[in-house]
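Some notes on the structure that comes next.
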Amino acid sequence: MKWKIILLEFLLLSSCQVGPKYHPPEVPVADSWKNQQTITDLPKVDHWWEVFQDLKLAGLIDQAISNNPTLAAASQRVEQARDFAKITKSRLFPQLNFEPSVSNTPLSGQSFGSTSSPPPLLIRDHIEKYTLPLALLYEFDFWGKWKSQYKSALFRSEAEAAGYQTALLFLTTDLANAYFQLRIQDSQLELLKEILRTRNTALNIQKSLYDTQLINYTDVAVYQADYSTVESEYYDALKKRSLFENQIAVLIGISPSEFKLDSMPLKKMPPQIPATVPAEVLLRRPDLAEQERMMAAIHAEINVAYASYFPAVDLTGSLAFLSNDFIKNLKNTWSIGSHLIQTLFDAGGISSNVKMATAKYNEAFASYQEKVLLAFQEVEDSLSSLDWIAKEMKSTGNAIDATKIVYQIALNQYELGVASYLDAVNNERIILNNQRLYLHLLSQDYLYTIHLIKSIGGGW
């Protein structure tokens, strides 16, 4: 029992840890954003995409979470990191091995235990020996080397868990962006069809005037080029829609050849998203949490390197059962020993290892600071863009309203016979061009709204 008490005492003493203590990084944070928004009527939701109140989008995101290969790979990385942390933790405990063996040796000159004379040769001319050994191996963690390695692995597993949340945020925002851009392409296609109709009407009027020799063919060619340009833009919109549809298919884990979305023109404005205070962005963004956990893991490796300055003490022990009849006549033997290893000279290897680990931590800290600055920039960019887009959309909306009045006046004059129908058509063309610009701005509004959601970590 004495050796058990000694072992227990050593285990209790193995809690000392050398090296610097880790402190979470502190970075300067502003009190508010330059383009601070005050929004109070946004409904509370469990998931950020529910604020759009689009069941089709919610269904696609559910499919993506279940089937997306990139997200599945991120999930498996989390499992790997957690299992590695468990493997590293096992080094904190003694290792007990069992290695049974059987040997068959010639009888001549052999003895076993207290047996002084071999059995008669008529009965046997060899003897079998059975060995049932238990071997104990343990290195005392006086300086926290193994504990620091376990902490490093544990922090890396937490970083991978945050990395999974980052992958989830990127997946859902990428899918929402592709979905709304597809729907706006549907609105563009609907509008381009109307523009082609008016261009075709204007072109036919020019052809009629040319046929009656009231104009030369140059005017016809100009309107023909105008019509063909819009037609080209129509095909380009179809191409873009196809690409967004294929992107959505891949994001939800389906072959693009097997996926199709019906036309869903989008005209309504996106919801206004409140930008949380800068300090909350640091807490919400999973990529920042991932970087901070990696810093903690790398810092723990400094302590691992620092522990190499101090001696290593290990314990070995064995307990074996011996028999020449497998079960009967069991005899036991045991041993216990300890070793101390202290590096006296390594040409600066340990100190260089400590410096290298410290440099890695400083690099990780600099990367974290850069990520924080970029995170704040992304929020400011989104808020600024949304602010200017709102003003552009208001001006464009006013232009549409004004040109509608001009169009109606031109149409009334045509009906009274005091103006050409071509004047009304040209004014209608201006309206449609302004509506195209409005849809482009609406596309940017959705783009930066989703970018803002992504920038603040998918919550508010």
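The values are calculated or read from the model by the stated rules, or taken from the named source; none is laboratory data. Computed from a predicted structure; not experimentally measured. All Cβ positions, even for glycine, are placed from backbone atoms using ideal geometry, and neighbour counts span all protein chains on display. Only protein heavy atoms, including side chains, enter the accessible area calculation; ligands, DNA and RNA are left aside. Shrake-Rupley method; radii C 1.70, N 1.55, O 1.52, S 1.80 Å.
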**Q.** Residue that is modelled with the lowest pLDDT [pool: residues in the range 221-238 that are within 19 Å of residue 184 (Cβ to Cβ) and aliphatic (A, V, I, L, M)]
**A.** 230
Q | Residues of the range 287-324 that turn out to be of a type in the set (A, V, I, L, M, F, W, C), at pLDDT 80 or above and either assigned to a strand (DSSP E or B) or farther than 14 Å from residue 151 by Cβ (or both), as a count | A | 3
Q.
Given the criterion surrounded by fewer than 16 Cβ atoms within 10 Å (Cβ to Cβ) and of a type in the set (A, V, I, L, M, F, W, C), identify the matching residue among 161, 167, 153, 225.
A. 225
Q: Can you give me the number of residues within the range 170-187 that are touching a Lys or Arg at 6+ places or on another chain (Cβ under 7 Å) and surrounded by 21 or more Cβ atoms within 10 Å (Cβ to Cβ)?
A: 3
Q. For the range 376-394, which residues satisfy the criterion of being surrounded by 14 or more Cβ atoms within 10 Å (Cβ to Cβ) and polar (S, T, N, Q)?
A. 382, 384, 385
Q. Got a sec? Which of 385, 455 is among the polar types (S, T, N, Q) and under 21 Å from the mean Cα position of the chain (by Cα)?
A. 455
Q: Mind listing whichever residues of the range 170-227 are part of a loop (DSSP other than H, G, I, E, B) and either closer than 30 Å to residue 444 by Cα or of a type in the set (S, T, N, Q) (or both)?
A: 212, 213, 216
(Q) So, residue 275, is that one among the small types (Gly, Ala, Ser) and open to solvent by 50 Å² or more (accessible area, probe 1.4 Å) or not? (A) no
Q) Restricting the search to the range 338-370, which residues are among the charged types (D, E, K, R) and either over 30 Å from residue 457 (Cβ atoms) or open to solvent by less than 80 Å² (accessible area, probe 1.4 Å) (or both)? A) 346, 355
**Q.** Subset of the range 401-460 [farther than 21 Å from residue 170 by Cβ, among the small types (Gly, Ala, Ser) and touching a Leu at 6+ places or on another chain (Cβ under 8 Å)]
**A.** 424
Q | Residue count, the range 428-458 (criterion: over 24 Å from residue 265 (Cβ atoms) and open to solvent by 10 Å² or more (accessible area, probe 1.4 Å)) | A | 3
Q.
Considering only residues that are surrounded by fewer than 16 Cβ atoms within 10 Å (Cβ to Cβ), under 19 Å from residue 436 (Cα atoms) and of a type in the set (A, V, I, L, M), which ones fall in the range 230-246?
A. 238
Q: Enumerate the pairs (first residue in the range 424-443 and without any contact (Cβ under 8 Å) to a residue 12 or more places away in the chain and more than 13 Å from residue 196 (Cα to Cα); second residue anywhere and part of a helix (DSSP H, G or I) and open to solvent by less than 30 Å² (accessible area, probe 1.4 Å)) with beta-carbon separation below 7 Å, excluding pairs fewer than 6 apart on the same chain, so at least 6 apart or on different chains.
A: none
Q) Of all the residues that make up the range 160-205, how many are without any contact (Cβ under 8 Å) to a residue 60 or more places away in the chain and not hydrophobic (A, V, I, L, M, F, W, C)? A) 5
Q) Given the structure, is residue 354 among the β-branched types (Val, Ile, Thr), farther than 25 Å from residue 304 by Cβ and either more than 26 Å from the chain's Cα centre (by Cα) or part of a loop (DSSP other than H, G, I, E, B) (or both)? A) no
Q.
For the range 234-273, give me the residue count where each residue is outside any helix (DSSP H, G or I) and either touching a residue at least 24 places away in the same chain (Cβ under 8 Å) or of a type in the set (Asp, Glu) (or both).
A. 15
(Q) With the requirement that a residue be hydrophobic (A, V, I, L, M, F, W, C) and under 16 Å from residue 439 (Cα atoms), what does the range 361-408 give you? (A) 386, 388, 389, 390, 393, 399, 400
Q: Sort out which residues of the range 255-272 are among the hydrophobic types (A, V, I, L, M, F, W, C) and open to solvent by less than 50 Å² (accessible area, probe 1.4 Å), and write them in order of number.
A: 259, 261, 264, 266
Q. Among the numbered criteria (1) outside any helix (DSSP H, G or I); (2) out of contact with any helix residue (DSSP H, G or I) (no Cβ under 6 Å at 6 or more places or on another chain); (3) closer than 30 Å to residue 310 by Cα; (4) open to solvent by 50 Å² or more (accessible area, probe 1.4 Å), which single criterion is violated by residue 143?
A. (2)
Q: List the number of the failed condition for residue 56; all other conditions in (1) modelled with pLDDT of 95 or more; (2) open to solvent by less than 90 Å² (accessible area, probe 1.4 Å) hold.
A: (2)
